[in-house]
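Nothing in this text is a laboratory measurement; each read-out follows from the coordinates by a stated rule. Just so we're clear, the structure is a prediction, and the values are computed from it rather than from any experiment. Note: ideal-geometry Cβ built from the backbone for every residue, glycine included; neighbour counts use all protein chains shown.
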Amino acid sequence: MVEIAALEDKTHADGFWDDPKAGKIVMRQMRDVKSWVTAYDNIVKANDDLSVLFDFAKEGEATEEEVDKQYADTLKLVEDLEFRNMLHEEADMMSCVLKINSGAGGTESQDWAEMLMRMYMRYAEAHGYKVRISNLLEGEDAGIKSVTMEIDGDYAYGYLKGENGVHRLVRVSPYNAQGKRMTSFSSVFVTPLIDDTIEIVIDPSKLSWDTFRSGGAGGQNVNKVESGVRLRYQYKDPYTGEEEEILIENTETRDQPKNKENALRLLKSQLYDKELQHRMEERNKIEASKKKIEWGSQIRSYVFDDRRVKDHRTNYQTSNVQGVMDGKIDDFIKAYLMEFGQK
């Protein structure tokens, strides 16, 4: 409470918003501290309710089922707070950019990519996050080739960062005339979505732009002007000297300047993520005895016929395939963070 009061005093000071960037940092800090205090208060209240209900049960004024339910609710609040304590890295509390690319396999793979997009959108909706699609490339017959989504909300990156990697689907494909069992792959990339409170240096000389028409296949959805933007950035790794071209497309709005602004924000997020990955690699070298996290490897299999979804890093699995595809992936996220969060 002392920390909250100190932060609130800062917000009431004259000229607080003269520096908007500094003001946003303070407001974010205050929101974060308040969320921890609120979570603690909720646990205290739930524990008090449990104690009272237990006394009532001894007097015959409450049932055993009511006590069990209150105990389970209280335990969940405690476990959720402990779970959140795994998120202590600099970027964990940020929003995130989640990109899905379909693998080889044509329509089946593209359908799988769209199913993953729906899964993450359902997850975000259930947790009160806002989702914006900044770029979507549809498949020829069905599904999508790729999608870039911005998931906006506190700790979105912290919770979803473990989704990085290749997701494997095994099912009897509705697109296979022989009804054969097929295997498809899609890759998921999650990066923190930074805001203007974090300084990222972009070299203008390495930046170039293209524009194109965005929209659907025809009719009213076709954009008659070139509002879509394609950003190319010639990136040189400051640690290894390796060079690569970063390509970002944005068709989020019909306003070209706004799309350019969004594309630059996504570029900054990628550059920030590269720095985070370098730090992780250095940490893994130091902690060579610990299990290394491979960000680009196959992480999870979804086997529809056997009613099984299994994470290969933690060995956590469930038979509730439909629930997972409806966005109920919290147990996978929890298992990942409990095993790797402290490392």
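Using per-residue counts of other Cβ atoms within 10 Å, averaged over each peptide, order 159-170, 250-261 from highest down.
My ranking of the peptides, most packed first, is 159-170, 250-261.
Give me the Å³ per residue figure for the convex hull around the C-alpha atoms of the stretch 8-90.
Hull volume over Cα atoms, normalised by residue count, gives 94 Å³.
Going down the list 24/334; 130/334; 236/268; 161/206, which pairs span over 23 Å between their C-alpha atoms?
Correct reply: 24/334; 161/206.
So, how do all the Cα-to-Cα distances of the stretch 61-101 break down into 10 Å bins, in percent, from 0 on up?
22, 27, 25, 17, 9, 1
Hey, can you rank 299-307, 51-59 by average C-beta count inside 10 Å, highest first?
299-307, 51-59
Could you list log10 I(q)/I(0) for the chain at q = 0.06 Å⁻¹, which the Debye formula gives when each Cα is one point scatterer?
Computed log10 I(q)/I(0) values: -0.28.
Using Cα-Cα distances under 8 Å and only pairs 6 or more residues apart, what relative contact order does the chain have, in percent?
It comes to 16 percent, rounded to a whole number.
Would you mind ranking 226, 339 so that the residue whose beta carbon has the fewest other beta carbons within 10 Å leads the list?
Least crowded to most crowded, the residues run 226, 339.
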